[in-house]
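**Q** Below: one structure in structure tokens.
Please treat every number below as a calculation from the coordinates, not as lab data. These numbers were taken from a predicted model, which means no experiment stands behind them. Virtual Cβ from ideal backbone geometry, glycine too; neighbours counted across all protein chains shown.
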Amino acid sequence: MSPTRPPASPRPAATSTSAPTASAQRQHGEARRAALIALALGATAAGAWFGLRRQGSPAAPTDASNNAATAGTAASAPTDAASAPLIAGDVLQAGFWAQQFDTPAGGSLTLAHLKGKPVLLNFWATWCPPCVKEMPELDRFQSEFASKGWQVLGLAIDGPTPVKEFLAKVPVGFGIGLAGFGGTELAQALGNAAGGLPFSLLIDAQGRVRHRKMGATDFDELAGWAREITP
């Protein structure tokens, strides 16, 4: 039996005192509906507010303390990081060159030291078989094209320990930065919409991305790209 419709009593007097009147039931139902509507409206408003903050809406609060409290660990990033694009068209912007990463040896690596040079940037991971397979190809490219000013940089979407262990077995002659799993966001910002690995970019000395490739590459392909830029 439905809880909103109690069984009828054979004695009218008892019914009138123990069961709620139709008017009381209507009032109770209306009050409940009003509460549910208010709750739904509140949830919708909260969702919209958080959505605006995630999208960087101009209407979102700009007070630094509020942003720090809301963003948590992201508060340590520069205040204009969200608004500074890493790339415009195919030209890398200041936000890209300001990126900094730890290295497996314990130091730090800033992309600014590569500015003005042709660069092969490769996103990889030790848990990615195609990435592991192409590492010797990247190392060969670095060895043969360093004399033309080329620099190879591998950004590992991985943890420090597996990267150190891998490099102990497969040493390479180019720089490695520890981008962590957050490096997938950087790769996506640079054109890797699918987020797959490996992902390589060929960048000329003017900071323009000339080639992108998701998937394994090899020395011959890379050398062909590089000769288009620096014969």
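**Q** Please arrange Trp225, Trp127 by how many other C-beta atoms lie within 10 Å of their C-beta, fewest to most.
**A** Ascending Cβ contact count within 10 Å gives the list Trp127, Trp225.
**Q** At 7 Å along Cα-to-Cβ for each site, give me the label-to-label distance between Ala193 and Lys213 in nm.
**A** 2.1 nm
**Q** So how strong a dipole does region 86-229 carry about its Cα centre when Lys and Arg Cβ are +1 and Asp and Glu Cβ are -1, to the nearest 20 debye?
**A** 240 debye
**Q** Based on a Kirkwood Rh over C-alpha pairs, give the Stokes-Einstein translational diffusion coefficient of region 92-150 at 4 °C and viscosity 1.567 mPa s in µm²/s.
**A** 98 µm²/s
**Q** If each residue's Cβ is checked for other Cβ atoms within 10 Å, how do Thr230, Thr126, Thr103 rank with the fewest at the top?
**A** Thr230, Thr103, Thr126
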